[in-house]
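Here the structure comes first, spelled out in structure tokens, and everything after it is commentary.
The values are calculated or read from the model by the stated rules, or taken from the named source; none is laboratory data. Small disclaimer: the values here were computed from a predicted structure and weren't measured. Note that we place each Cβ from the backbone using ideal geometry, even for glycine, and neighbour counts take in every protein chain shown. Accessible surface areas use protein heavy atoms only, side chains included; no ligands, DNA or RNA. Shrake-Rupley method; radii C 1.70, N 1.55, O 1.52, S 1.80 Å.
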Amino acid sequence: MTGPGTVAVLGATGIVGRAALDLLRRLGVTDLRAGARDPERLRLVAAETGARAVPADADDPASLAAFCEGARLVLNCAGPSYLLLDRVARAALGAGADYVDVSGDGPAHRLLGGTDLLEGGRVAVLSAGMLPGLANLVPAHLGGDDLSGARLRVYAGGIERFSPAAAGDLVLSVDGADGTGGDHWYGEALAAWRGGRRVPRALSAEEDTEVPYFPGRVTVMPYLTADCERLARSAGLASLEWFNVFTGPQLRPALGRLRGHVSRDPAALAAAVEQVRAAGELDLGHNNPYYLMAFTLTTPEVTRTAVLRTPSSFRLTAATAVLAARSVLDGAVPPGLHFADEVLDPGPTLHGARRLGTLPLLDVHDHDGGDHALPIEEGSL
């Protein structure tokens with residue numbers, strides 16, 4: 001790696017953290033520290049990856065500080081992010097380390113904005129996972145640096161087992177779906193971005209329908225996240241419509257039952273997480289897991305689509321995070337607080353994920369067959 005130092009991965013026994021340790025080694029990072037609550041599972045992961053095991057509990061400030069001490073960079077793969085907020089970031093920056101988080105998103109960004117912990121050239125990169133980090137890079141990969149006036153429509157979904165952290169973030173995002181603007185605000189169902197603002201109830205859900213590139217009949221739910229709004233505003237998009245695609249019958253009703261009834265009480269939150277995980281298991285059944293995102297960008301010159309498919313959104317999240325960490329270690333990210341899609345280069349990041357084996361299908365094609373056509377980049381649809 002460029003410049004000696006330790007990369008400390010918190011949440012190392014989770015699906016994303018475990019994958020991140022492997023992928024960091026593939027990118028030439030060999031001085032690795034693995035942290036998690038469960039010492040026995042941590043010992044096994046450390047033995048498998050060659051990392052040094054350091055037990056760490058994000059709910060214990062002293063444990064967290066000890067884990068971050070002496071690290072060159074801390075990569076946070078623990079969650080749920082909407083409960084951790086800026087806790088891990090502050091411990092890492094306070095220890096003099098740079099910081100990359102697979103999530104964090106708007107709430108952590110607001111809490112870290114203006115902190116003196118970022119003085120002295122420190123770097124913090126948030127949202128460095130598949131969503132929103134990698135996803136927010138795709139429009140620029142399709143249309144270049146100037147997207148002003150373009151229209152973007154996205155279909156995203158699949159069928160996978162939920163990790164506890166991912167299920168926790170999904171539960172907490174449902175609780176913030178009414179757009180009330182609290183610390184846990186995440187997005188608004190049925191909303192779209194049009195004419196420079198969020199328009200409530202602009203779209204409607206569809207059940208038992210067909211969507212290009214997705215197998216079988218599905219349910220689609222429009223959902224405009226805060227990160228979609230940030231992308232639309234910064235890129236100057238004329239419109240952005242995002243549809244979550246549900247390929248099984250259990251998950252969407254389970255989320256509907258939880259909306260407005262999620263408690264931050266640990267026992268109640270744990271019960272809600274298990275409901276989501278159980279629904280996901282029923283939907284998965286004996287199917288092969290996958291996650292797919294289809295982006296269609298329309299400009300006055302061309303309509304262009306990118307289709308991304310992965311067998312594991314968790315490994316793709318890990319790949320995005322380690323590519324962000326590698327960029328920080330190489331000095332390619334300027335000091336300060338950033339969202340990943342603001343500082344990562346779209347093309348190299350997408351192709352880096354492919355080289356790491358986490359994005360086997362990346363297909364880019366035009367719809368008009370004109371002079372703007374791009375070659376198929378991988379696979380066929």
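Table for the structure above
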item: Per-residue SASA entry for Ser81, accessible area with 1.4 Å probe, Å² rounded to 10; result: 10
item: Selection of trypsin sites (Lys or Arg not before Pro), the range 1-72, meeting DSSP coil and at most 12 other Cβ within 10 Å; result: none
item: DSSP-defined beta bridges in the chain - what % are antiparallel, rounded to 5; result: 60
item: Gain upon complete extension [Val199, Arg41; 0.36 nm per residue less C-alpha separation]; result: 52.2 nm
item: Probe 1.4 Å - accessible area at Phe339, Å² to nearest ten; result: 10
item: Backbone N under 13 Å from the Arg257 label point (7 Å along Cα→Cβ), restricted to the range 267-310; result: 271-280, 282
item: 0 to 90° range, to nearest 10: angle between helix 346-355 axis and the chain longest Cα axis; result: 70
item: Percent RCO, i.e. relative contact order, over the chain, from Cα pairs under 8 Å lying at least 6 residues apart; result: 19
item: Cleavage-rule hits (trypsin sites (Lys or Arg not before Pro)) in the range 201-283: DSSP loop, at most 15 neighbouring Cβ within 10 angstrom; result: Arg201, Arg217, Arg259, Arg264
item: Accessible-area composition of the chain, carbon plus sulfur, in percent [1.4 Å probe]; result: 51
item: Accessible area of the chain divided out per residue, in Å², using a probe of 1.4 angstrom; result: 41
item: Pairwise FRET efficiency - Arg233 versus Ala65, Cβ, R0 = 35 Å, nearest 0.05; result: 0.45
item: Sequence-distant residues sharing a close amide H with Val74 (under 5 Å, placed H); result: Ala8, Asp98, Tyr99, Val100
item: Gained length - Arg110 relative to Glu48, 0.36 nm times residue gap less alpha-carbon distance; result: 18.6 nm
item: At 1.306 mPa s and 10 °C, Stokes D of the range 191-275 from Kirkwood alpha-carbon radius, µm² per second; result: 107
item: Spin-label model distance (nm) - Ala332 vs Asp208, 7 Å beyond Cα toward Cβ; result: 4.9
